[in-house]
Amino acid sequence: MTSKKKELELYIHIPFCIRKCLYCDFLSGPADESRKTAYMEALAREIEGRAGELAEYQVSSVFVGGGTPSVAEVGQLARLLWVVREKYQLTEDVEITVEVNPGTVDREKLEVYRAAGVNRLSIGLQSADDGELASIGRIHTVKQFEEAYGAAVAAGFENINVDVMSALPGQNRENYRRTLEYVTGLQPKPAHISAYSLILEEGTPLYERVQTGEIELVEEETDRLMYADTKELLKAAGYERYEISNYALPGRECRHNCGYWTRKNYVGFGIGAASLLENVRFRNTDDMRQYLKSPLECRRDWQQLTPGERQEEFMFLGLRLTAGISTDAFAAEFGVTTEQVYGDVIRKNLQDGLLVCAENGARIALTERGLDLANYVMSQFLQD
Ligand code: SF4
């Protein structure tokens with residue numbers, strides 16, 4: 001850090017995709033060029049217009065997510081990042097991530113990203129099997145992923161995340177293990193791997209097809225075994241599990257996501273983007289028309305968090321990290337100890353082997369079994 005300004009993370013939402021994946025319920029979809037241009041201009045206005053009120057902060061991370069940010073015209077995305085650079089104070093080592101999909105990037109585009117300061121890429125692969133990719137409506141093939149990965153490396157990216165998914169329709173363990181072997185066998189190795197299990201969201205085409213029996217989901221037991229495969233194979237390949245679903249080579253944890261889990265201040269730009277600023281949560285409208293009309297007047301759902309809500313968040317977000325939470329940080333923030341607020345819950349879960357105290361009580365973390373039952377453990381930290 002170059003000064004004592006408070007740390008802030010920025011999230012920029014690009015809600016466009018070539019085509020909707022069958023399982024996706026994110027705020028994203030196809031759009032024509034004029035709509036995309038209008039949106040990128042509104043985003044630039046919002047980012048620039050908010051700079052004054054955020055002048056006391058220093059930005060340590062910028063995450064451009066979606067949707068598929070790489071669907072935006074490359075010059076427009078680069079200009080947006082220049083607005084960030086020009087209007088905000090960034091830390092010297094700022095992490096700037098852009099999410100991309102195979103089939104939407106080439107070396108030229110990625111070089112423009114690099115020149116605009118992007119130093120981390122997140123590539124959505126999901127599966128190394130073309131049949132599985134088609135079954136969930138992804139727009140790309142494995143070969144296109146390979147081209148995108150090669151282009152990213154050639155453009156100079158060293159910090160690359162690859163997303164994979166388990167429990168896909170028709171997937172068996174052997175296939176899933178092959179996907180993990182494929183990703184860990186890439187040269188050079190990706191710095192980071194996010195591994196999530198497919199979640200069936202109501203209202204998606206996949207949900208409808210499962211309801212009509214057209215598609216069958218994998219059995220719960222297979223899903224569980226795939227989860228164990230993730231841990232085993234990624235560990236064997238040198239990745240450290242630092243969060244329930246995230247694995248990294250040493251020192252390559254995603255700064256942006258760690259910020260969410262440790263409740264750093266973050267501000268989201270674009271439709272539907274959420275923010276947490278000085279213990280107030282709010283989000284932008286998800287109405288595109290309203291956003292395009294007045295991107296600086298579309299915040300809503302304001303929630304000033306109470307001390308109790310902040311303590312709950314501190315615990316159940318922080319416990320997602322395998323390093324767990326710092327009891328000193330809790331006491332410093334709230335003026336009470338974890339023992340005073342959560343003594344009974346902590347003792348019970350220590351006895352049940354779901355929590356562990358480390359560093360002479362300075363940290364509390366989930367055990368391996370606690371990570372498997374994370375939702376159950378975390379629910380106990382909710383206050384009445
Ligand atoms: S590319 Fe991502 S955001 Fe777009 S439809 Fe597919 S899963 Fe959703």
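The values are calculated or read from the model by the stated rules, or taken from the named source; none is laboratory data. No experiment lies behind these values; they were computed from the predicted model shown. Methodologically, a virtual Cβ is constructed for each residue, glycine included, from the backbone with ideal geometry; neighbour enumeration extends over all protein chains shown.
List the pairs whose first member sits in the stretch 58-83 and is within 14 Å of the ligand (Cβ to nearest atom), whose second member is among the β-branched types (Val, Ile, Thr) and in a helix (DSSP H, G or I), and whose Cβ atoms are under 6 Å apart, counting only residues at least 6 apart or on separate chains?
none
Could you check the stretch 272-300 and list, in sequence order, the residues that are within 30 Å of Leu366 (Cβ to Cβ) and either in a strand (DSSP E or B) or in the same structural domain as Pro15 (by TED's automatic domain parsing) (or both)?
If the condition is that a residue be within 30 Å of Leu366 (Cβ to Cβ) and either in a strand (DSSP E or B) or in the same structural domain as Pro15 (by TED's automatic domain parsing) (or both), then Ala274, Ser275, Leu276, Leu277, Val280, Arg281, Phe282, Arg283 are the ones that fit.
Taking only pairs six or more apart or across chains, which ones have beta-carbon atoms under 7 Å, a first residue in the stretch 358-369 that is free of Cβ contacts under 8 Å to residues at least 24 places away in the same chain, and a second residue that is surrounded by 12 or more Cβ atoms within 10 Å (Cβ to Cβ)?
Once the first residue is free of Cβ contacts under 8 Å to residues at least 24 places away in the same chain and sits in the stretch 358-369, its partners that are surrounded by 12 or more Cβ atoms within 10 Å (Cβ to Cβ) give Thr367/Leu354; Thr367/Leu355; Thr367/Val356; Arg369/Leu354.
Which residue pairs have Cβ atoms under 9 Å apart, sit 6 or more places apart or on different chains, and have a first residue in the stretch 171-194 that is part of a loop (DSSP other than H, G, I, E, B) and a second that is of a type in the set (Gly, Ala, Ser)?
Qualifying pairs under 9 Å: Gln171/Ser127; Gln171/Ser135; Gly185/Ala237; Lys189/Ala237; Lys189/Gly238; Ala191/Ala248; Ala191/Gly251.
Pull up the stretch 124-162, narrow it to residues that are of a type in the set (Ser, Thr, Tyr) and assigned to a helix (DSSP H, G or I), then point me to the one that is nearest to the ligand (Cβ to nearest atom).
Here is the first cut: in the stretch 124-162, the residues of a type in the set (Ser, Thr, Tyr) are 127, 135, 141, 149.
Then keep just the ones that are assigned to a helix (DSSP H, G or I); that gives 135, 149.
On the way: Ser135: 13, Tyr149: 17 Å.
Ranking the qualifying residues of the stretch 124-162, first place goes to Ser135.
If I filter the stretch 11-30 for residues that are more than 20 Å from Gln144 (Cβ to Cβ) and away from the ligand (no atom under 16 Å from the Cβ), do I get at least one hit?
no
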